Amino acid sequence: MSALPAARGPLSAAVLALLTAGPPAAGRLLAAPGTFAEPWGEDHQLALHLCYELHDRGLPGVWDGWEWDPELLRFRQELERPFLAAVRAEAEPVPPLREALEALLTEPPDGTGPSYFLLAEGERRHAREYLVHRSVYHLKEADPQLWMLPRIHGSAQAVLTAILYDEYGAGRPERAHASLFARMMAAFGLDPGYGHYLDLVPAPTLAVVNLMTLLGLHRALRGAAVGHFATVEITSSPGSARLAAALERLGGGPDGTLFYREHIEADAVHEQLVRRGVIEELVAAEPQCARDVAFGFAAAGVVDGRFADHLLGRWRAGRTSLRSPLPDDPL
Ligand SMILES: [Fe+2]
Ligand SMILES: [Fe+2]
């Protein structure tokens, strides 16, 4: 990330003001932080995203020591609580794990998400916007999931490690999924720099990534983190096939489709591994996690559903799905 993003309200402004005032110092207080009552809002999601980036790549010009500053951690908790509560409220009622898994394995015959739109009627500008949204996660794929590794043990940990090894290119850095995504962005004339488009990315996109990090960072939520990751792995293969076809139709070329082509096959394998090797083994070792795994499925559905609704709502109205259009795409 080359520059800090602009604030979107009092919460993100308070975080930015604190972080840019120098190293953590005892007694420094967050400015009046405003309301936490809109957890899905732009301000709330950006404030949370900034807090999480301190655990991840860090923020430009910001002292690394802020990561473990007690006051900022307390503030982060104030942001996390209503967000998680809002996700839970929309995820209920969570079905039993077996039932939830079966539902996940069945692709609806009448799917309507962004991959369907892009395949059937998307234009190049839609594809470019889609890549910008997804870049917030895919340029750091699968860093938020690595937090899970020391929190589960035995067979589930071994198999999860094998899946994550693949995400990083299985020993070949040029095959790391984040690198493939960067190549795809470049093929579509986009800047693949980490965080380059953060100011353009709206709250529904940040919520998708913030939820991953939230679940990863809390040991108490390890079952939900596994469920969330499993949702991505289980549902990704057919969606990746649609996206590869859509991007090819829109002029992606070999580099511009490689990331999704790679995921058609990789995630068909990962689907099996995550079901049999991770979920079944985790629940066998820690039966109390079963409900949380099912919640992780539902939680992924909540944030992905909101993201999809946002994109399709904007695109069908002929508007940009970003906070403002890409400079060279006057949608
Ligand atoms: Fe991947
Ligand atoms: Fe995968």
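The values are calculated or read from the model by the stated rules, or taken from the named source; none is laboratory data. The model shown is predicted, which means the values in this text are computed figures rather than measured ones. Note: ideal-geometry Cβ built from the backbone for every residue, glycine included; neighbour counts use all protein chains shown. Heads up: the accessible areas ignore ligands, DNA and RNA and are worked out on the full protein's heavy atoms, side chains in. Shrake-Rupley method; radii C 1.70, N 1.55, O 1.52, S 1.80 Å.
Applying the condition of being part of a helix (DSSP H, G or I) and without any contact (Cβ under 8 Å) to a residue 60 or more places away in the chain to the stretch 135-157 and asking which residue is nearest to ligand 2 (Cβ to nearest atom) yields Leu149.
Among the residues of the stretch 54-76, those identified as closer than 18 Å to Leu215 by Cα, in a helix (DSSP H, G or I) and open to solvent by less than 80 Å² (accessible area, probe 1.4 Å) are Glu67, Leu73, Phe75, Arg76.
Take the conditions open to solvent by 10 Å² or more (accessible area, probe 1.4 Å), within 16 Å of ligand 1 (Cβ to nearest atom) and among the aliphatic types (A, V, I, L, M) and apply them to Ala266. Does it pass?
In short, yes.
Counting only residues that are more than 15 Å from ligand 1 (Cβ to nearest atom) and hydrophobic (A, V, I, L, M, F, W, C), the stretch 156-184 holds 3 of them. Here is the figure for the stretch 247-282: residues that are more than 13 Å from ligand 2 (Cβ to nearest atom), of a type in the set (Asp, Glu) and out of contact with any Gly (no Cβ under 7 Å at 6 or more places or on another chain) total 3.
Of the set (1) within 15 Å of ligand 2 (Cβ to nearest atom); (2) within 18 Å of the chain's Cα centre (by Cα), all apply to Ala162 but (2).
Check the stretch 178-192 and report whether any residue there is assigned to a helix (DSSP H, G or I) and at positive phi. Among the residues of the stretch 178-192, not one is assigned to a helix (DSSP H, G or I) and at positive phi, which makes the answer no.
So, in the stretch 278-288, of the ones that are open to solvent by less than 30 Å² (accessible area, probe 1.4 Å) and away from ligand 1 (no atom under 16 Å from the Cβ), which residue ends up nearest to His228 (Cα to Cα)? Filtering the stretch 278-288 for residues that are open to solvent by less than 30 Å² (accessible area, probe 1.4 Å) and away from ligand 1 (no atom under 16 Å from the Cβ), the one nearest to His228 (Cα to Cα) comes out as Ile279.
For Val302, the conditions (1) farther than 22 Å from Val209 by Cβ; (2) assigned to a helix (DSSP H, G or I); (3) in contact (Cβ under 8 Å) with a residue 24 or more places away in the chain are fulfilled apart from (1).
When Thr257 is tested against (1) at pLDDT below 95; (2) open to solvent by less than 40 Å² (accessible area, probe 1.4 Å); (3) hydroxyl-bearing (Ser, Thr, Tyr), just one condition goes unmet, and that condition is (1).
Residues to consider are Arg275, Arg291; find the one that is more than 14 Å from ligand 1 (Cβ to nearest atom), farther than 23 Å from Ser179 by Cα and open to solvent by 50 Å² or more (accessible area, probe 1.4 Å). Residue meeting the stated conditions: Arg291.
Quick one: how many residues across the stretch 104-127 are part of a helix (DSSP H, G or I) and surrounded by fewer than 13 Cβ atoms within 10 Å (Cβ to Cβ)?
Of the residues in that region, 3 qualify.
Restricting the stretch 196-233 to residues that are of a type in the set (S, T, N, Q) and buried (at least 24 other Cβ atoms within 10 Å of the Cβ) leaves a set whose member that is farthest from Ala294 (Cα to Cα) is Thr205. Only one of the numbered conditions (1) touching a Gly at 6+ places or on another chain (Cβ under 8 Å); (2) in a loop (DSSP other than H, G, I, E, B); (3) among the small types (Gly, Ala, Ser) is not met by Ala25, and that is (1). On inspection, Tyr194 passes the criterion of being hydroxyl-bearing (Ser, Thr, Tyr) and in contact with a Leu (Cβ under 6 Å, 6 or more places away or on another chain). For the stretch 24-53, the candidate set comprises residues that are among the small types (Gly, Ala, Ser) and farther than 16 Å from Thr213 by Cα; within that set, the residue that is least open to solvent (accessible area, probe 1.4 Å) is Gly41. Taken together, Ser240, Ser155, Ser179 contain a single residue that is out of contact with any strand residue (DSSP E or B) (no Cβ under 7 Å at 6 or more places or on another chain), among the polar types (S, T, N, Q) and open to solvent by less than 40 Å² (accessible area, probe 1.4 Å), which is Ser240. Figure legend. Inter-residue proximity from the stretch 255-269: first residues aromatic (Phe, Trp, Tyr), second residues open to solvent by 50 Å² or more (accessible area, probe 1.4 Å) and more than 10 Å from ligand 1 (Cβ to nearest atom), beta-carbon distance below 8 Å, spacing 6+ or different chains. Indicated pairs: Phe259/Arg183.
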